[in-house]
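Structure record follows, encoded as structure tokens.
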Amino acid sequence: NTEDVKFPPKPPSEQLIQKVIHEFSSSQNPALIEESGCAVCGTLCPKSKLAPLNNFKDKLTLLIDNGRSVTRKERTHKSHHLNAIPGPVIETKFDKYVPLVLRLYQKIKHLN
């Protein structure tokens, strides 16, 4: 019944104001909102959702180029030789990975 609704509403209680401030402050914690990239796929996501790459290092063989010329070192002139980047194809600036990458790896491994 719309007749029972008082308008304008009463101001929020001190307790409600404190609760709103506390919950907002908690949600703005840098650990929850800072982002970084995945070393394997490059996806940008919250740091809190990334796992340390050293937990995944033994599985990086899937990402090794093996002479297929997937990766190349930068050339500053067209006469410079093409050189592959050795090792797994990962972004070396990042030290974490998205856990979805591990699940995809496990599916691929299961198929082989």
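Bear in mind these aren't lab numbers, they're just calculated from the coordinates by the rules spelled out. Everything numeric here is computed off the predicted structure, so don't read it as measured data. All Cβ positions, even for glycine, are placed from backbone atoms using ideal geometry, and neighbour counts span all protein chains on display.
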Over the chain, relative contact order from alpha-carbon pairs under 8 Å, at least 6 apart, %: 28 percent
GNM flexibility winner over the chain from LEU82, LEU63, LEU50 (Cα, springs under 10 Å): LEU82
Proxy reagent accessibility, fewest Cβ within 10 Å first, across PHE56, PHE7: PHE7, PHE56
Charge dipole (debye, nearest 20) of region 2-111; +1 at Cβ of Lys and Arg, -1 at Cβ of Asp and Glu: 760 debye
Long-range Cα-Cα pairs in region 2-111 (distance over 26 Å), rounded percent: 49 percent
Within the chain, helix-based [θ] at 222 nm, where runs of 4 or more DSSP H residues each add -39,500 (n - 2.57), nearest 500: -8000 deg cm²/dmol
Among GLU35, GLU14, GLU91: highest mean-square fluctuation, GNM of the chain, C-alpha pairs under 10 Å: GLU14
Distance between modelled label sites at VAL89 and ARG75, nm, 7 Å Cα→Cβ extension: 1.9 nm
